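Here's the structure we're looking at; comments come further down.
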Amino acid sequence: MNLDFSPAEESFREEVRAFLRDHLPERLSAAVRAGQRVAKTDFEEWHAILNARGWLAAGWPVEWGGTGWTVAQRHIFEVEAACAYAPHIQPFGVSMFGPVVIRYGTDAHKRRWLPRILDGSDWWCQGYSEPGAGSDLAAIKTSAVRDGDHYVVNGQKIWTSYAQYANMIFCLVRTDPDARKQEGISFLAIDMTTPGVELRPIKLMDGDHEVNEIFFTDVRVPCANLIGEENSGWTYAKYLLTHERTGAAFIGESLAEFANLRRIVAKESRHGRPLSEDPGFAMRLARLEIDIENMRTTNLRFLSAAAGGAAPMAESAMLKIRGSAIRQKIRSLARRAAGPYAMPYVTAALDHGYDGEPVGPDYAASLATSYFNGRKFSIYAGSNEVQREIIAKLKLEL
Ligand SMILES: Cc1cc2nc3c(=O)[nH]c(=O)nc-3n(C[C@H](O)[C@H](O)[C@H](O)COP(=O)(O)OP(=O)(O)OC[C@H]3O[C@@H](n4cnc5c(N)ncnc54)[C@H](O)[C@@H]3O)c2cc1C
């Protein structure tokens, strides 16, 4: 599957491939390819390697450490890195908080936080959702009340991804309880080591620890940590969400997972014939490949038309819906391809160095867990049902 790129873009692709060949540790790519857990230290190692080359925060302005790459170059890098099974760049600092600070933060904010994202001093997490405020995000209740040059924060966040790794959290907080829902919200950066911040893990059904609850009890946060204007946080929150949803297309990961699916199909057979020759399965595979290619072109089209690396609200909602549906389909077909061997639910197979008794082919051990874990794609970053409503409202004016 290849779009037409210029000779200069093709030579850039070669540069990226050579870099990945020389610098991506084999241990990391083997774990990602096997669908295993990537530890915090693994992410940090890969971030440091990219940062040393100046490629960690590709979309940032050059003066703050960005690359100045075109949309096509960013696409090429994303696809090549994913197809080499590099760990995904953690988005919370690089693709969420960073772009908000660059657009709405003061110079002091930029000097204070952007270099710390790049050198790995800070790991950020996203404090948006609350019990009762997920799809209806503007219903958040966590309050921030001014007391001199501090805010005093009380409330609870939930589903906070990888907060157990984070030392910083960006939060939506209510600063004016009397204003209209969207108008009384502010965007606040909180140091998670401040007294009164308590993290409680939420264990998932596969035994994993990916999300958390965070409780704030009389947490004192300097007013200097407010991004932009008080009570204008909804504007910044939406800006961040368009970056998050554009990234949720996960084109590179889809291409890499599809290549893996093809490898599984090549090894499997049905009724004495190679699975690839089964007309029903071949049709599903072809449909999926067409879907991926369509999404890839659409993604490039939207991003080329948009400034700042994120598609507008409705377009990013489309990318999020299609991207998540495609990844779920790939995982579903991989499970079908392996047949009954995909059924055992082997959580331990997600750990590096797993050497349990194989129940079937080696790739089967993690298929059930990755299938079920992938159900989250259509929920996080705003559920797909709600994304459809956004499209209906903005594009169809319903
Ligand atoms: C793995 C994972 C990681 C996450 N990480 C983070 C994170 O790091 N930070 C963070 O802040 N949040 C995070 N979230 C939260 C996520 O953004 C919310 O789960 C999501 O927005 C849905 O909100 P909810 O869970 O409260 O469900 P609800 O809003 O209660 O929705 C329940 C169901 O009702 C449907 N629904 C709701 N409203 C409508 C409507 N108007 N029309 C049609 N259908 C509707 C939804 O689609 C959904 O199917 C994460 C979630 C998951 C699953």
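Please state, as a whole number in µm²/s, the translational diffusion coefficient that the Stokes-Einstein equation yields for the stretch 134-256 at 4 °C and 1.567 mPa s, with Rh defined as the Kirkwood radius across alpha carbon pairs.
Translational D for this selection: 83 µm²/s.
Hey, what did the stretch 121-173 get for relative contact order, percent, Cα under 8 Å, at least 6 apart? Write down the numbers at each step before the final one.
On the way: 86 pairs, mean separation 26.8, N = 53.
Relative contact order here is 51 percent.
Angle, helix 71-83 long axis vs. longest principal axis of the chain, Cα atoms, 0 to 90°, nearest 10? The angle comes out near 60 degrees.
Find the percent of Cα-Cα distances in the stretch 322-386 that exceed 17 Å, and round it to a whole number. For the stretch 322-386, the fraction of Cα-Cα distances above 17 Å is 45 percent.
Normalised by residue number, the volume inside the convex hull of the Cα atoms of the stretch 156-212 is 95 Å³ per residue.
Beyond 35 Å, how much of the Cα-Cα pair distribution for the chain remains, as a whole percent?
Details: 22405 of 79003 pairs.
Tail of the P(r) past 35 Å holds 28 percent of the pairs.
How tilted is helix 40-53 with respect to the longest principal axis of the chain? Cα atoms for both, answer in degrees (0 to 90, nearest 10). Helix 40-53 and the main axis of the chain meet at about 90 degrees.
Count charges around residue 39 for me, please; just the other residues with Cβ under 14 Å from its Cβ, Lys/Arg as +1, Asp/Glu as -1. Mind showing how you got there, number by number?
Numbers: positive: 27, 37, 40; negative: 42, 44, 45, 208, 210, 351.
Computed value for this residue: -3.
Residue by residue, the stretch 175-183 carries 3J(HN,Hα) couplings of 9, 9, x, 8, 6, 4, 2, 6, 8 Hz when phi is fed to the Karplus relation 6.51 cos²θ - 1.76 cosθ + 1.60 (θ = phi - 60°); x denotes Gly or Pro. Overall dimensions of the stretch 288-338, expressed as equivalent-ellipsoid semi-axes from the Cα gyration tensor (√(5λ), whole Å, largest first), are 26, 11, 7.
For the stretch 251-261, putting each phi into the Karplus relation 6.51 cos²θ - 1.76 cosθ + 1.60 with θ = phi - 60° gives couplings of 4, x, 4, 4, 5, 5, 5, 5, 4, 5, 4 Hz, in residue order, rounded to whole numbers and with x for Gly and Pro.
Would you kindly give the portion of the calculated P(r) for the stretch 195-344 that falls above 25 Å, as a percent of all Cα pairs?
53 percent
Can you give the log10 of the normalised intensity I(q)/I(0) at q = 0.10 Å⁻¹, computed with Debye over equal Cα scatterers of the stretch 37-118? Reported log10 I(q)/I(0), two decimals: -0.24.
With Cα atoms as the point set, the stretch 78-161 shows a radius of gyration and Dmax of 16.2, 52 Å. Counting only Cα atoms, the size of the stretch 1-137 along its three principal axes is 45, 35, 30 Å, in decreasing order.
For the stretch 108-123, 3J(HN,Hα) computed residue by residue from phi via the Karplus equation (6.51, -1.76, 1.60; θ = phi - 60°) reads 4, 4, 4, 5, 7, 9, 5, x, 6, 5, 5, 8, x, 5, 10, 10 Hz, glycine and proline entered as x.
For every other residue with a beta carbon closer than 9 angstrom to the beta carbon of residue 184, add +1 if it is Lys or Arg and -1 if Asp or Glu, then tell me the sum.
0
Within the assembled protein chains, the solvent-accessible surface assigned to residue 109 is about 10 Å², based on a 1.4 Å probe.
Among 264-271, 215-222, how do they line up from the highest to the lowest mean number of other beta-carbon atoms within 10 Å?
Values: 264-271: 15.0, 215-222: 17.4.
Top to bottom by mean Cβ count within 10 Å: 215-222, 264-271.
Here the stretch 102-175 is treated with +1 on each Lys and Arg Cβ and -1 on each Asp and Glu Cβ, and its dipole about the Cα centre works out to around 120 debye.
The values are calculated or read from the model by the stated rules, or taken from the named source; none is laboratory data. The structure displayed is predicted, hence computed values, not measured ones. Quick reminder, even Gly has a Cβ in these numbers, built from the backbone with ideal geometry, and neighbours come from all protein chains shown. When the accessible area is computed, the model is the full protein with side chains, heavy atoms only, and any ligands, DNA or RNA have been set aside. Shrake-Rupley method; radii C 1.70, N 1.55, O 1.52, S 1.80 Å.
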